[in-house]
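Values quoted throughout were computed directly from the atomic coordinates according to the rules given, and no laboratory measurement underlies them. Bear in mind that the values here come from a model prediction, so they are computed numbers and not experimental data. In this analysis, Cβ positions are derived from the backbone assuming ideal geometry, glycine residues included, and neighbour counts consider all displayed protein chains.
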């Protein structure tokens, strides 16, 4: 992939169906249009975390992403073996969860176009979206590059339509109709609501690291990976903030917070039913593209580890002609279809909290460890204002995880314990750290 294809793959992964479904959830979490603060906080957190990914991806531009970064930072033959294994272990959960969230969002929007569809039919649609994308990705990366660019153009055109429509019907009094206790920062409920809104925003921004998972398939990766990460975050942040202002400046937030298809409801209020139907079709295309990009990125992680002998060997299988991972891709397609049986809310919360504690926080520390161990290589990217962005990202991930309830933190800790036990059993059998004899 070239730079445009890399940015397109990120944008597809970031936008998807997220904001067209989750804007009402953010408004409800904070109890008013002040939910825009959650989107701003989420953008700042993702930009700080993005430069962490950019530095790591530029220094180690191989397919696999965090698997490579954690192994190198914490020691290839010591703790890094456990840390990288834990990342691979959680990827077998978070990959299908992330893919399924887009597919469930697709089926939810189908309910606006065909409101009489039973739950079983919507579930079948979500599963079908996962499996169809698996079939589309069963090919060479060169053709995928072109598909990603086309889908990204559709994404940006749809978002621009929403923004321009909102600006033409924008009412500042409606957009900033804050309740008297909107910014009661001494109240614990404010911080809980802000954490919940920020989690939703982070989910919608998520995907800026997609290009790092494809590092081995990116042209001039030391330059194009940081460019794709930072450019996609800035682009999508501007689009999201304008979309939020457009919608809450045109719809009463008390109505918007109960919407199941906010994009369609917004267009119906502005232009009528034809516009609502058209935006619904475009959102379906966008969400389909999001599942496409997600599955593309996650399918490369188990393959990269297995190819180096650090994960189950079955995931190292390549297609004889197209040279793309087959077993890893098929696993993500099938497992994501199974995850479609969960609700969208549960998918998002488990996904973000597990990733925050398993992966993102560990990577913020990994940057410091790598800077101590390795000198800067020529042409690699270094984050500005180091170490401030990494510290802000670390605190932000911990805050988001803890503010969304103990249940999800316990799920994440249970995954860590189970993964650690599995690694120790594997290490003892293969005589790896900490059981290595030499």
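Of 31, 421, 405, which has the largest mean-square fluctuation in a 10 Å C-alpha GNM of the chain?
421
When you count, for each residue, the other Cβ atoms within 10 Å and take the mean per peptide, how do 293-305, 211-223, 158-170 rank with the highest first?
So the order, starting with the most tightly packed, is 293-305, 211-223, 158-170.
Counting alpha carbon pairs within less than 8 Å and at least 6 residues apart, what relative contact order, in whole percent, applies to the chain?
Relative CO of the chain lands at 35 percent.
Taking only Cα atoms and a 10 Å spring cutoff, compute GNM fluctuations for the chain and point out the largest among 386, 138, 208.
Its mean-square fluctuation being the largest, the pick is 386.
Normalised radius of gyration for region 26-86, please: alpha carbon Rg relative to 2.2 N^0.38 Å, two decimal places.
So region 26-86 has a normalised radius of gyration of 1.62.
How compact is region 161-233 by the rule of thumb for globular proteins, expressed as Cα Rg over 2.2 N^0.38 Å?
Ratio of Rg to 2.2 N^0.38 Å for region 161-233: 1.69.
Take region 279-438, compute every pairwise Cα distance, and split them into 5 Å bins from 0; I just need the percent in each bin.
Spelled out per bin, shortest first, that is 1, 7, 10, 13, 16, 19, 17, 11, 4, 1, 0, 0, 0.
Which of 209, 177, 133 moves most in a GNM of the chain, Cα contacts under 10 Å?
177
Would you kindly state how much longer the chain becomes between residue 416 and residue 186 on full extension, computed as 0.36 nm times their sequence separation minus their alpha carbon distance, in nm to one decimal?
Roughly 79.4 nm would be gained on extension.
Given labels modelled 7 Å from the Cα in the Cβ direction, how far is it in nm from residue 426 to residue 167?
Here the modelled spin labels are 5.0 nm apart.
Find how much the distance from residue 312 to residue 160 grows on full extension, using 0.36 nm per residue of separation minus their present alpha carbon separation; answer in nm with one decimal.
Contour length minus Cα-Cα distance gives 50.3 nm.
Roughly what would the spin-label model give for residue 382 and residue 40, points 7 Å off Cα along C-beta, in nm?
Going by the 7 Å Cα→Cβ label model, 3.2 nm.
Principal axes first, then extents: for the Cα atoms of region 18-173, list largest minus smallest coordinate on each axis, whole Å, largest first.
Extents along the principal axes: 58, 39, 31 Å.
Looking at the calculated P(r) for region 3-430, what percent of the C-alpha pair distances fall above 28 Å?
46 percent
With each label point set 7 Å from Cα along the Cα-Cβ vector, what nm distance links residue 113 and residue 139?
2.1 nm
Contour minus end-to-end for residue 146 and residue 369, with contour as 0.36 nm per residue of separation and end-to-end as the Cα-Cα distance?
76.5 nm
Let a ≥ b ≥ c be the square roots of the eigenvalues of the Cα gyration tensor of region 231-362; is it rounded (a/c under 1.5), or, if not, prolate (a/b larger than b/c) or oblate?
It comes out prolate by the Cα gyration axes.
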